[in-house]
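What follows is a short report on a single structure.
Read-outs throughout are calculated quantities, based only on the coordinates presented, and are distinct from any laboratory measurement. What you see is a predicted model; the values in this text were computed from it and never measured. Methodologically, a virtual Cβ is constructed for each residue, glycine included, from the backbone with ideal geometry; neighbour enumeration extends over all protein chains shown.
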Ligand SMILES: NC(=O)c1ccc[n+]([C@@H]2O[C@H](COP(=O)([O-])OP(=O)(O)OC[C@H]3O[C@@H](n4cnc5c(N)ncnc54)[C@H](OP(=O)(O)O)[C@@H]3O)[C@@H](O)[C@H]2O)c1
């Protein structure tokens, strides 16, 4: 499935080769724009980082209106040009909530989903969002979910399908869903699934396997264990550190390479504010893990939250 075709404007090889995302072929190493919030005070640095990503062949960027209350989308609009050929994937199901107890609040109702797509279209400055993930409030949810925000999946799928038919979105995916939800949604056509998954979070193996069987892109979020303090980190896994030392690469690169090896359907969206880390993440697309290294990584046990190896 992987190829080494180049991305549109940079002529750089697609990092990690390419794999399908709906009707698009994208680099298997992409970029997650959530961390751009941390560059709020340095817009030039954020734009330079995004330009460097394009130069390196990245042509798949994950975003949301609720990342910095439009900040990440505005930066993408400023930094990216149509000729860059970047497939932007946004997500809906929550709205920014500046001044609230959390920076976002659930917005799961069909009319709210449509309003969120319209907000994304405006802030990204596009007529169509190539892919939009419906972020469900299933599983572990870190924000309060009032009863009226528990919305039937079929009603949401009807809204997503209507927006796809109207051309507001090119395709849609699902985020933070259970195996059962994905099974129910399959007839509607699902381009990708975005759930937390990494060497330290492997609860969703069955979901991954269903994505493989159905030809759906698997786009793990928190591929390194997130930037949140207290959550287990991939770089703290002893087997990851051992492999990194043996290969002369960084522990983060081993964690990303493992995800790429885990499934040909995997598309990476690591988040970073650092050009150096961005370059390392792209280079992780070239790392080959042999069978014994993979076996050791597969057998590793996630460290307890907050622990350091
Ligand atoms: N669907 C959803 O509900 C959902 C939820 C959360 C996130 N997401 C998406 O998933 C993307 C990835 O998740 P994430 O950004 O939260 O977490 P992540 O990619 O697992 O980790 C990001 C953290 O890793 C660090 N990092 C990145 N590359 C590194 C490297 N080469 N070496 C050392 N440290 C490195 C970053 O710090 P530096 O800035 O210092 O590099 C940052 O602290 C997000 O950006 C977002 O687009 C989706």
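Considering every alpha-carbon pair of the chain, the percent of pairs per 20 Å bin, from zero through the bin containing the longest distance, is 35, 61, 5. If you wrap the tightest convex hull around every Cα atom of region 122-227 and split its volume per residue, you get 131 Å³. Residues in region 57-93 near a label at residue 6, defined as backbone nitrogen under 14 Å from the 7 Å Cα→Cβ point? Flagged as within label range: 57-58, 84-85. Between 0 and 90 degrees, rounded to the nearest ten: what's the tilt of helix 205-214 against the longest Cα principal axis of the chain? Here the helix axis deviates by roughly 70 degrees. Net length available on complete extension from residue 158 to residue 115 is 14.0 nm, with 0.36 nm assigned per residue and the Cα-Cα distance removed. Here the chain carries DSSP beta bridges of which approximately 30% are antiparallel, counting only pairs with both residues inside. When peptides 13-25, 194-206 are ranked by their average number of other Cβ atoms within 10 Å per residue, the highest-first order is 13-25, 194-206.
Within region 245-272, what residues put their amide N at less than 13 Å from the label point 7 Å along the Cα-to-Cβ vector of residue 298? Only 261-263 fall inside the zone, counting backbone N under 13 Å. Any chance you could give the angle, 0 to 90 degrees and rounded to 10, that helix 110-124 forms with the longest Cα principal axis of the chain? Helix 110-124 sits roughly 60 degrees off the main axis of the chain. Computing Rg and the Kirkwood Rh from the Cα coordinates of region 98-177 gives a ratio, Rg/Rh, of 0.96.
Sorting the segments 56-68, 289-301 by their residues' average number of neighbouring beta-carbon atoms within 10 angstrom, most packed first, yields 56-68, 289-301. The P(r) of region 1-115 has a tail past 23 Å containing 36 percent of all C-alpha pairs. Between residue 247 and residue 286, the modelled labels are 1.3 nm apart [label points 7 Å from Cα along Cα→Cβ].
Can you figure out the FRET efficiency of residue 205 with residue 142, using R₀ = 22 Å and their beta-carbon distance, to the nearest 0.05? Between residue 205 and residue 142 the formula returns 0.45. Across all directions, the average flat footprint of the convex hull enclosing the Cα atoms of region 170-276 is 7.8 nm². From largest to smallest, the equivalent ellipsoid semi-axes obtained for region 228-309 from the alpha-carbon gyration tensor read 18, 17, 12 Å. Highest mean first, the peptides 176-184, 217-225, 155-163 sorted by other C-beta atoms within 10 Å per residue fall in the order 217-225, 155-163, 176-184. Please determine, in degrees from 0 to 90 and to the nearest 10, the orientation of helix 43-55 with respect to the longest principal axis defined by the Cα atoms of the chain, where the helix direction is its Cα long axis. So the inclination is approximately 70 degrees.
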